């Protein structure tokens, strides 16, 4: 992601509702947002990633979503006007074979890697000199893409890529499908098999998203289906198979009716703290709206031991909404924004109810990494998902 100087008072922030991307100006000192522009990308926005050297970012779009496969799937690029901040489509759109769930650049920003969940897969596309998306790079048929790929990230040294595969819970008479970290060598945009990290054969290992420590060889992994945070050691262009640390992302045991599932994970730029979002689902995770039980819809804050990498929970900040699927920290580390991704009616154990529309929750980040809420922007008129949001 592109960096912004800690001396800057503002930074661009983006959030998507359905196919519409809104550009905000974030006031970093006061941790507030002001809407500046909208851009309709025609298909629902899944994820976005910034070019580190050019005023361009890449967006995965699809008419698919949770419980819906979709038959129009593309990756597109957007240009940022460096004087005004206005965003516009740039270069050719590229059709991709399935719903693209995540995308990221390699270390040299010469290739764009795209992850797919159904079917699980990964593709690699050239980035042309002007930053536009080029042709797809052919890959070997021998690549193991696991089950339900959810994210693809290049390692800090740049010579490997990791496809994070979530698997599936046992349900409807079907056995559990294992999760894994599929580690590939990466050279000139070509992937090669390197390792598969799957503790206990991948059972009880519903891996969703990872982030790397900014200076130490540690990989922080959010394990969705078990609501856990795992820490792995990076070594020799791969990942040691046994986790260094493993702990719950929740403030307490999940004894209620909600299905808990962690979502996003991000390290603070200073490497002292890692954040995880927790989500409390209702009976069906693919139905938009309806009712859901109260549970932990929070941003969990963990202090990182600088010698061992061990995380210690220090805060669980509520988002006051439903399913904070995505959140982001600005590059200076002063502001965090969480996105409650779906509208619902939250039902308490006593039978009470409260309406929770889509919303962006803003937090100021203290020196120790803890969060102080500064406001909430809600969208009660919207009946689509707020699927992605982030500083770029």
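The values are calculated or read from the model by the stated rules, or taken from the named source; none is laboratory data. Keep in mind that this is a model prediction, so the values were computed, not measured. Note: ideal-geometry Cβ built from the backbone for every residue, glycine included; neighbour counts use all protein chains shown.
Among 306, 313, 324, 318, which is the only one that is crowded, with 24+ Cβ neighbours inside 10 Å and modelled with pLDDT of 95 or more?
324
Would you be able to tell me the number of residues in region 30-76 that are modelled with pLDDT under 95 and assigned to a strand (DSSP E or B)?
Summing the residues that are modelled with pLDDT under 95 and assigned to a strand (DSSP E or B) in region 30-76 gives 2.
Does residue 289 satisfy the condition of being crowded, with 18+ Cβ neighbours inside 10 Å, in a loop (DSSP other than H, G, I, E, B) and touching a residue at least 60 places away in the same chain (Cβ under 8 Å)?
In short, no.
Can you pull out every residue in region 247-257 that is in contact with a strand residue (DSSP E or B) (Cβ under 7 Å, 6 or more places away or on another chain) and assigned to a loop (DSSP other than H, G, I, E, B)?
Of all residues in region 247-257, those in contact with a strand residue (DSSP E or B) (Cβ under 7 Å, 6 or more places away or on another chain) come to 247-251, 254, 256-257.
Answer for region 247-257, where residues must be in contact with a strand residue (DSSP E or B) (Cβ under 7 Å, 6 or more places away or on another chain) and assigned to a loop (DSSP other than H, G, I, E, B): 249, 250, 251, 254, 256, 257.
Applying the selection to region 107-142, what residues are under 16 Å from residue 186 (Cβ atoms), part of a loop (DSSP other than H, G, I, E, B) and modelled with pLDDT of 95 or more?
Selection gives 107, 108, 109, 110, 137, 138, 139.
Hey, does region 88-99 have a residue that's within 19 Å of the chain's Cα centre (by Cα) and either crowded, with 21+ Cβ neighbours inside 10 Å or under 24 Å from residue 386 (Cβ atoms) (or both)?
There is at least one residue in region 88-99 that is within 19 Å of the chain's Cα centre (by Cα) and either crowded, with 21+ Cβ neighbours inside 10 Å or under 24 Å from residue 386 (Cβ atoms) (or both).
Sort out which residues of region 351-372 are surrounded by fewer than 17 Cβ atoms within 10 Å (Cβ to Cβ) and at pLDDT 95 or above, and write them in order of number.
Scanning region 351-372 gives 366, 367, 368, 370, 372.
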